[in-house]
Amino acid sequence: MPTKIKNLLPVLVLAVAIGLTMISPVHASVAAQQPTGSVPTVTGTPPGPIVTVTYPEQINVRAGPHSVYYQPIGVLLPGEKAPALGRTAGGEWIQIAYPGVPGGVGWVYAPLVSLTTGFLPIIEPPPTATPPTTPTIDPTMVAAFQVPLTPTRLPTFTPPAPLEIPTFTAAARTGSGVPMGLIILGLAFIGLFGAFISFLRGR
């Protein structure tokens with residue numbers, strides 16, 4: 001190795017060492033500016049009372065607390081949860097937060113869900129929908145298609161005359177107590193006897 005290079009080697013080592021010391025604080029300051037705090041995570045469970053569907057099938061979410069007067073606006077699946085907002089005076093229906101519908105709320109039947117502990121205020125039901133108009137029928141049109149029925153007179157029942165049953169009475173008797181039949185036989189015998197006498201005289 002030449003003598004000139006040997007003399008420059010310590011100078012090069014010293015220059016490299018000085019350069020490294022000047023670069024390291026820059027890296028340290030850059031590393032110190034990195035955030036060291038934890039990033040908060042967002043959970044899907046909102047605070048407050050929660051209802052959970054306990055019915056084994058999907059349930060209807062209605063526009064109001066009644067199964068006849070309010071139409072279904074959605075469904076909840078078994079095990080699905082929703083924030084509870086209020087209840088009816090009797091506690092039979094619970095109002096829940098239901099995004100995606102007008103007002104963002106709906107009503108579920110309380111026996112089909114379970115409610116976590118918490119206070120639920122009483123909420124007045126929304127007004128019911130206007131019932132559809134009932135069509136009326138013109139009575140004149142109805143009379144045109146009706147077939148008149150001739151009333152038939154029912155037969156009258158006349159009771160029959162009372163049945164007369166003949167009754168037999170005892171044979172009349174004379175005052176002497178001789179039967180009338182015996183008197184008739186006696187008279188007939190006398191008549192025959194007289195006719196026989198007259199026959200003999202005629203001979």
Subject >> Residue identified as closer than 22 Å to Phe119 by Cα and of a type in the set (Val, Ile, Thr) among Val61, Val75 >> reply: Val61
Original post:
Any idea which of Gly175, Gly191 is surrounded by 10 or more Cβ atoms within 10 Å (Cβ to Cβ) and either at pLDDT below 80 or part of a helix (DSSP H, G or I) (or both)?
Top reply: Gly191
Original post:
Pick from Gly79, Gly91: which is in contact with a helix residue (DSSP H, G or I) (Cβ under 9 Å, 6 or more places away or on another chain), modelled with pLDDT of 90 or more and assigned to a loop (DSSP other than H, G, I, E, B)?
Top reply: Gly91
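A quick yes/no check of all residues on (1) at pLDDT below 90; (2) β-branched (Val, Ile, Thr):
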{"site": "Pro99", "(1), (2)": "no, no"}
{"site": "Gly104", "(1), (2)": "no, no"}
{"site": "Val108", "(1), (2)": "no, yes"}
{"site": "Leu112", "(1), (2)": "no, no"}
{"site": "Phe119", "(1), (2)": "yes, no"}
{"site": "Met141", "(1), (2)": "yes, no"}
{"site": "Pro155", "(1), (2)": "yes, no"}
{"site": "Glu164", "(1), (2)": "yes, no"}
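The values are calculated or read from the model by the stated rules, or taken from the named source; none is laboratory data. Predicted model only: the values in this text are computed from it and were never measured. Using ideal geometry, Cβ is built from the backbone for each residue, glycine included, and neighbour counts are taken over all protein chains shown.
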